[in-house]
């Protein structure tokens, strides 16, 4: 005789429950008390192992009853275990064996019949996400580099800049923002040397505002240090511009200096023949003059080899 009440209580079930409920309760308890969930505590791990042994023992006793009689013990018979069929020969417990380990042989009509497999939960090892994060970061970095190189190689020549210094100087932050208030310009035109505020007041907001250049449709206005240095005027999108005044050129000539907007001929007449001459820059030893469309846009003047220039 054995009491099934403790088995039902251990599994958290009511007497006479279905076989599906019994299996589900065992799976839930195995998952809850699995020793792998307590890797950092020896006492808790040993306690979990003992709890699983009790759960399996209770499950096996109830399953044996189901195999012998075709159903689980009901509420009326849960207190006393019914004996198997007359032909069954239950084994007597050996000396020193625990009471809950007592098991009976299967009925005679079920000898040779395979036992019903017991559903055991699969334990899926946790995957480490760090390698995948590294792969995704590398892909994103390579993609950004490829796109940046493609834009740099395929952008229009008119937007190319000299590597050392040009009107698209990254420090010229004033070109990437619109003026907060536009001053009034009496002649309604702008010219070389005017500020971005003057251009905004005369021409209005650009269709594209980049560093060093504003686009007005097919026309462009170029800046250096926040001042106009040159432009490209397309008849389809005309600019309200006035060529550089004669007085400005006369002032530069009289003072024997060149300025932003001066031509290459004026620089050569004042500074002499450069040591290294390219389309975008002239080198005078440690000093350098930068050009766009044949006009001065900026320079670097060394104290040991100063340029005859004034901004």
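The values are calculated or read from the model by the stated rules, or taken from the named source; none is laboratory data. Values in this document were obtained by computation on a predicted structure and should not be read as measured data. Note that we place each Cβ from the backbone using ideal geometry, even for glycine, and neighbour counts take in every protein chain shown.
Looking at region 287-295, is at least one residue under 15 Å from residue 191 (Cβ atoms), buried (at least 16 other Cβ atoms within 10 Å of the Cβ) and modelled with pLDDT of 90 or more?
Yes, the conditions are met somewhere in region 287-295.
Just one of the listed residues (10, 62, 54, 22) is over 21 Å from residue 74 (Cβ atoms) and either touching a residue at least 12 places away in the same chain (Cβ under 8 Å) or not in a loop (DSSP other than H, G, I, E, B) (or both), namely 54. The number of residues in region 194-214 being in contact with a helix residue (DSSP H, G or I) (Cβ under 9 Å, 6 or more places away or on another chain), at pLDDT 90 or above and part of a loop (DSSP other than H, G, I, E, B) comes to 1.
Restricting attention to region 50-81 and to residues that are more than 18 Å from residue 20 (Cα to Cα) and at pLDDT 90 or above, the residue that is surrounded by the fewest Cβ atoms within 10 Å (Cβ to Cβ) turns out to be 50.
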